[in-house]
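Asks: I have a structure here, written as structure tokens, and I will follow up with some questions on it.
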Amino acid sequence: MAEMLGRWRRTLTVLLVLVGFGATGAQAQGTAEGAEAFLSDIGDRTIAVLATPDLSPEDLRAQLEQIFVDTFDTRTIGRFVLGRYWNDATDAQREEYLELFQALVVDTYARRFRGYRGEHFNLVGTRQISDTDYLITTQIFRPNGGPAVNVDWRIRASGNGYAVIDVVVERVNMTITYRNEFGSIIQRSGGNIEGLLDALRNRDVNAG
Amino acid sequence: MLSVSRVRSILALCVVGLLSACATDPNDPFNDPYEDINREIFALNDAMDQNVLVPVAEAYRDTVPEPVRQSVTNGLRNLNTPLIFINEVLQGDVRGAEVAFNRFWINSFIGIGGLFDIAGMDPRLEYRHEDFGQTLAVWGVEPGPYLVLPLLGPSNPRDLAGIVGDQLMDPVRWVIQVETDWDAFGPSRFAATLVDRREAALDALAEVRASSLDYYAAIRSLYRQTREAEINDSDEVEPVDIPNYDVLEEDNG
């Protein structure tokens, strides 16, 4: 009796292991090394743009936008940021929102990089957090010293390769911050997404 | 402008918030039932910040060299370390208490009264901020509704109670201010901390102020996220649940 139970348990373990492997094998995409190489490439491309001498602010913005479009999954980020309001939005509203959201993020990064003075980043470590997602921890060092800034990049693998879906700066989530901010704007407009679209359309592009 | 009666009602609200069980309203994802008043105080604080504090912090940055400013930061942190030690003990964080203890003695003696962060050169002894608001959180106290305090800025009943608790517990304050009757110590330390912290946040806050569509909502989110990270003490980022929309849609369709 005991022997039979023991055999059963072994068979069950083998089965579970097989099923477990099968499940991850079917869904797992990408590797930690692949994600790291992808992030390094974004860094190299960005620094190459920033190091271009005599680049006008317009050209800088255009080049950064290209990198952003190539490497960030704006659709996933934008949809997560909009939360439940995504479902209420019409297709036209969704498309306009994604376009305006992308412009906002690109402007924000372009302005941040305008003051670039030779910062560089070091890879600290990579953690796989789901079948498709990797969290890469980096530290950004400023040339004039001072404490390093901790930045975590969440990179998702899919059939189309890798894409950034979240950036966490000093434990503050980019997506959560946008989600809270946009949610507040929509809530204050009586739950209407048009309130957010208006705010995005009318924002001061040259602010700061 | 904010009238006296308004301020009084706000203070009353704060007290009510402190005393109440701090229940969370599921219909209010931002946990901000006093948003209208909070926004008014926030606007006043922002005006003060932009017109007084930011110019002072900028002048401080422009006139005082970086190594000196770093020593000011170190010194203020060192004065705060006995209080951090107490909070680590109250949180039952033995390792954290040990770090605070070692930091204080090493930096006070070898770091010349705390002006040099000698201990922090060892990554295991890096500075970590703790306060009684965090201790209350570790004890399971809910934050309660979001509050913007006049001058002090973003808070909640738990963190407000934390500020009061820290004032009462701080050994440095007892030894220097109460024992020696040096009344100016507390206010000077507060002012120095304010300028020191504001200088450190100059670029980041200017960035948020410029790029946010709703500065108030952005700061509210940043405050909550930062506090949660401080409370959790974890070096690892907690990933949020970002769904795989494409896969979901394929499954549904």
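Asks: So in region A:192-208, with the set limited to residues that are part of a loop (DSSP other than H, G, I, E, B) and touching a residue at least 24 places away in the same chain (Cβ under 8 Å), which one is surrounded by the fewest Cβ atoms within 10 Å (Cβ to Cβ)? Write out each step before concluding.
Replies: To start, the set of residues in region A:192-208 that are part of a loop (DSSP other than H, G, I, E, B) comprises A:192, A:202-208.
Within this subset, residues satisfying the condition of being touching a residue at least 24 places away in the same chain (Cβ under 8 Å) are A:203, A:205, A:208.
Values: A:Arg203: 16, A:Val205: 8, A:Gly208: 14.
The qualifying residue surrounded by the fewest Cβ atoms within 10 Å (Cβ to Cβ) is A:Val205.
Asks: Determine if region B:79-90 includes at least one residue that is within 14 Å of another protein chain (Cβ to nearest Cβ) and open to solvent by 30 Å² or more (accessible area, probe 1.4 Å). Before the answer, list the steps.
Replies: Keep residues of region B:79-90 that are within 14 Å of another protein chain (Cβ to nearest Cβ), which gives none.
No, every residue in region B:79-90 fails to be within 14 Å of another protein chain (Cβ to nearest Cβ) and open to solvent by 30 Å² or more (accessible area, probe 1.4 Å).
Asks: While we're looking at this one, here's another question. Can you tell me which residue in region B:136-172 is nearest to B:Arg220 (Cα to Cα), limited to those that are part of a helix (DSSP H, G or I) and open to solvent by 60 Å² or more (accessible area, probe 1.4 Å)? If you could, list the steps in order and put the result at the bottom.
Replies: Step one: filter region B:136-172 for residues part of a helix (DSSP H, G or I), giving B:136-138, B:157-169, B:171-172.
Then drop every residue that is not open to solvent by 60 Å² or more (accessible area, probe 1.4 Å), which leaves B:138, B:163-164, B:167-168.
On the way: B:Val138: 21, B:Ile163: 18, B:Val164: 22, B:Gln167: 25, B:Leu168: 27 Å.
Only one residue tops the list, namely B:Ile163.
Asks: Continuing with the same structure: When you scan region B:184-203, how many residues do you find that are among the small types (Gly, Ala, Ser) and within 14 Å of chain A (Cβ to nearest Cβ)? Break it down stepwise before answering.
Replies: Pass one, region B:184-203, residues among the small types (Gly, Ala, Ser): B:184, B:186, B:188, B:191-192, B:200-201.
Next cut, within 14 Å of chain A (Cβ to nearest Cβ) only: B:200-201.
Qualifying residue count for the region: 2.
Asks: Another question about this same structure. Could you list, in sequence order, all residues of region B:204-223 that are more than 8 Å from every other protein chain (Cβ to nearest Cβ) and at pLDDT below 95?
Replies: B:Ala204, B:Leu205, B:Val208
Asks: Residues that are touching a residue at least 60 places away in the same chain (Cβ under 8 Å) and touching a helix residue (DSSP H, G or I) at 6+ places or on another chain (Cβ under 9 Å): does region B:96-106 have at least one?
Replies: Taking region B:96-106 and keeping what is touching a residue at least 60 places away in the same chain (Cβ under 8 Å), we get B:96.
Still in the list and also touching a helix residue (DSSP H, G or I) at 6+ places or on another chain (Cβ under 9 Å): B:96.
Yes, because at least one residue in region B:96-106 is touching a residue at least 60 places away in the same chain (Cβ under 8 Å) and touching a helix residue (DSSP H, G or I) at 6+ places or on another chain (Cβ under 9 Å).
Asks: Out of (1) open to solvent by less than 70 Å² (accessible area, probe 1.4 Å); (2) in contact with a Cys (Cβ under 9 Å, 6 or more places away or on another chain), the odd one out for B:Gly114 is which?
Replies: (2) is the only condition that B:Gly114 fails.
Asks: Considering only region B:69-109, state which residues are closer than 19 Å to B:Arg124 by Cβ and of a type in the set (Gly, Ala, Ser).
Replies: Listed by number, the residues that qualify are B:Gly96, B:Ala97, B:Ala100, B:Ser108.
Asks: Answer with yes or no whether B:Gly120 is buried (at least 17 other Cβ atoms within 10 Å of the Cβ), in contact with an Asp or Glu (Cβ under 6 Å, 6 or more places away or on another chain) and modelled with pLDDT under 95. Break it down into steps so the answer makes sense when it comes.
Replies: Working: buried (at least 17 other Cβ atoms within 10 Å of the Cβ): yes; in contact with an Asp or Glu (Cβ under 6 Å, 6 or more places away or on another chain): yes; modelled with pLDDT under 95: yes.
Spelling it out, B:Gly120 is indeed buried (at least 17 other Cβ atoms within 10 Å of the Cβ), in contact with an Asp or Glu (Cβ under 6 Å, 6 or more places away or on another chain) and modelled with pLDDT under 95.
Asks: For region A:167-189, name all the residues that are among the acidic types (Asp, Glu) and modelled with pLDDT of 95 or more.
Replies: Looking only at region A:167-189, we keep the residues that are among the acidic types (Asp, Glu), and these are A:170, A:181.
Of everything in region A:167-189, just one residue is among the acidic types (Asp, Glu) and modelled with pLDDT of 95 or more, namely A:Glu181.
Asks: Within region A:159-193, work out how many residues are facing chain B (nearest Cβ under 7 Å) and farther than 13 Å from A:Leu82 by Cα. Quick ask: steps written out before the conclusion?
Replies: Within region A:159-193, the first condition is being facing chain B (nearest Cβ under 7 Å), and the residues that meet it are A:165-166, A:168, A:171-173, A:175-177, A:180-181, A:183-185.
Now drop any that are not farther than 13 Å from A:Leu82 by Cα, which leaves A:165-166, A:168, A:171-173.
Total meeting the criteria: 6.
Asks: Name the one entry in B:Asn102, B:Asn78, B:Asn74, B:Asn87 that is farther than 18 Å from B:Arg198 by Cβ, touching an Asp or Glu at 6+ places or on another chain (Cβ under 7 Å) and not small (Gly, Ala, Ser).
Replies: Working: B:Asn102 fails: touching an Asp or Glu at 6+ places or on another chain (Cβ under 7 Å); B:Asn78 fails: touching an Asp or Glu at 6+ places or on another chain (Cβ under 7 Å); B:Asn74 fails: farther than 18 Å from B:Arg198 by Cβ.
Result of the check over B:Asn102, B:Asn78, B:Asn74, B:Asn87: B:Asn87.
Asks: Shifting gears a bit: What do you reckon, is B:Phe132 free of Cβ contacts under 8 Å to residues at least 60 places away in the same chain and under 12 Å from the mean Cα position of the chain (by Cα)? Give the steps one after another, and end with the answer.
Replies: Working: free of Cβ contacts under 8 Å to residues at least 60 places away in the same chain: yes; under 12 Å from the mean Cα position of the chain (by Cα): yes.
Yes, satisfied.
Asks: Out of the helices (runs of 4 or more DSSP H) lying entirely within region A:67-174, which hold 2 or more residues that are surrounded by fewer than 17 Cβ atoms within 10 Å (Cβ to Cβ) and either more than 11 Å from the chain's Cα centre (by Cα) or without any contact (Cβ under 8 Å) to a residue 24 or more places away in the chain (or both)? Let's see the steps before the verdict.
Replies: Numbers: elements: A:74-82, A:85-88, A:91-114.
Of the helices (runs of 4 or more DSSP H) lying wholly inside region A:67-174, those with at least 2 residues that are surrounded by fewer than 17 Cβ atoms within 10 Å (Cβ to Cβ) and either more than 11 Å from the chain's Cα centre (by Cα) or without any contact (Cβ under 8 Å) to a residue 24 or more places away in the chain (or both) span A:85-88, A:91-114.
Asks: Which of the numbered conditions does B:Asp203 fail, given that it passes all the others? Conditions: (1) surrounded by fewer than 19 Cβ atoms within 10 Å (Cβ to Cβ); (2) within 17 Å of the chain's Cα centre (by Cα); (3) closer than 20 Å to A:Ala148 by Cβ; (4) not β-branched (Val, Ile, Thr).
Replies: Of everything listed in (1) surrounded by fewer than 19 Cβ atoms within 10 Å (Cβ to Cβ); (2) within 17 Å of the chain's Cα centre (by Cα); (3) closer than 20 Å to A:Ala148 by Cβ; (4) not β-branched (Val, Ile, Thr), B:Asp203 misses just condition (2).
Asks: So which residues in region A:28-66 are open to solvent by 60 Å² or more (accessible area, probe 1.4 Å), in a helix (DSSP H, G or I) and of a type in the set (Asp, Glu), if there are any at all?
Replies: A:Glu33, A:Asp41, A:Asp44, A:Glu58, A:Asp59
The values are calculated or read from the model by the stated rules, or taken from the named source; none is laboratory data. Predicted model, so just to flag it, every value in this text is computed and none were measured. FYI the Cβ positions are ideal-geometry reconstructions off the backbone, even for glycines, and counts take in every protein chain you see. These accessible areas exclude ligands, DNA and RNA; they are computed on the full protein's heavy atoms, side chains included. Shrake-Rupley method; radii C 1.70, N 1.55, O 1.52, S 1.80 Å.
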